[in-house]
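The values are calculated or read from the model by the stated rules, or taken from the named source; none is laboratory data. Remember, predicted model here, so these are calculated numbers, not experimental data. A quick note on method: Cβ atoms are made from the backbone with ideal geometry, for glycine too, and the neighbour counts reach across all protein chains shown. Quick note on the areas: whole protein, heavy atoms, side chains included, nothing else; ligands and nucleic acids left out. Shrake-Rupley method; radii C 1.70, N 1.55, O 1.52, S 1.80 Å.
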Amino acid sequence: MPGLSQDFFDRPAVAVAPGLIGATLTHEGVGGLIVEVEAYDETDPASHSFRGPTPRNRAMFGPPGHAYVYKIYGIHYCLNFVCRPGSAVLIRALEPMHGLEQMRARRGIVGDRQLCSGPGKLAQALAIDLDQNGLPLDAPPFSVTAGIGNPDVAAGPRMGITKGVETPWRFVLRGSRFLSRPMR
């Protein structure tokens, strides 16, 4: 299966995001099917890029097709795919498919549904941290490959934010049991 190229990501985040549903993401061979994402861009008050470049969000203004990783609440890491400068797609949930034993060991649980059902859980299961910030997505340790067919994608409001709450830039694989929360 071909990897997604830098050209795929060199578009507005809201155009890239639904196209990631059904793609496969792995980090060092561990990962699965992308089932939930959220788009953010520089015009969005909920985006890290809204106030311009900072040391924390520098990768978000870098080349398309690279990882933007940040720490939230001083505890969890979140993985984003950089699109055009100042925009990115947050990877919220995966259906675990590759390296399940490693994921279980990292997460300390056995229920597969809970392994990657949220951005912090996903990063922990895939061993994503600030060391991956700015790395290209089309080279090891990452692999992002296109999905097959036309997945049934639903769109709705994003979660866990206080600004731009009603912007319908959350995209999910309709019917997936691996989402962080059901679509409202």
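Please pick out the residue among Gly149, Gly111 that is on the phi > 0 side of the Ramachandran plot and of a type outside the set (A, V, I, L, M). So that I can check it myself, show each step before the final result.
Numbers: Gly111 fails: on the phi > 0 side of the Ramachandran plot.
Checking each option against the conditions leaves just Gly149.
Find the strands (runs of 3 or more DSSP E) located wholly in the stretch 123-184 whose residues include 3 or more that are crowded, with 16+ Cβ neighbours inside 10 Å and at pLDDT 95 or above, and list them. Spell out how you get there, then give the answer.
Details: elements: 142-145, 153-156, 170-173.
Fully inside the stretch 123-184 and qualifying: 142-145, 170-173.
From the list Arg84, Arg113, pick out the single residue that is in contact (Cβ under 8 Å) with a residue 60 or more places away in the chain, closer than 25 Å to Ala154 by Cβ, assigned to a helix (DSSP H, G or I) and open to solvent by 10 Å² or more (accessible area, probe 1.4 Å).
Details: Arg84 fails: assigned to a helix (DSSP H, G or I).
Going through Arg84, Arg113 in turn, the sole match is Arg113.
Which condition breaks for Ile21 when tested against (1) touching a Cys at 6+ places or on another chain (Cβ under 7 Å); (2) open to solvent by less than 30 Å² (accessible area, probe 1.4 Å)?
(1)
Within the stretch 80-108, count every residue that is at pLDDT below 95 and on the phi > 0 side of the Ramachandran plot.
Going through the stretch 80-108 one residue at a time, the tally reaches 2.
Out of Val16, Val30, which single residue is of a type in the set (A, V, I, L, M, F, W, C), open to solvent by less than 10 Å² (accessible area, probe 1.4 Å) and either over 25 Å from Gly156 (Cβ atoms) or without any contact (Cβ under 8 Å) to a residue 12 or more places away in the chain (or both)?
On inspection, the qualifying residue turns out to be Val30.
Do we have any residue at all in the stretch 36-54 that's at pLDDT 95 or above, of a type outside the set (S, T, N, Q), surrounded by fewer than 23 Cβ atoms within 10 Å (Cβ to Cβ) and within 18 Å of Ala146 (Cα to Cα)?
No; the residues of the stretch 36-54 include none that is at pLDDT 95 or above, of a type outside the set (S, T, N, Q), surrounded by fewer than 23 Cβ atoms within 10 Å (Cβ to Cβ) and within 18 Å of Ala146 (Cα to Cα).
For the stretch 61-76, give me each residue that is in contact (Cβ under 8 Å) with a residue 24 or more places away in the chain and either surrounded by fewer than 21 Cβ atoms within 10 Å (Cβ to Cβ) or touching a Cys at 6+ places or on another chain (Cβ under 9 Å) (or both). Walk me through it before giving the result.
As a first pass, look at the stretch 61-76 and keep what is in contact (Cβ under 8 Å) with a residue 24 or more places away in the chain: 61-72, 75-76.
Correct list: Phe61, Gly62, Pro63, Pro64, Gly65, Tyr68, Val69, Tyr70, Lys71, Ile72, Ile75, His76.
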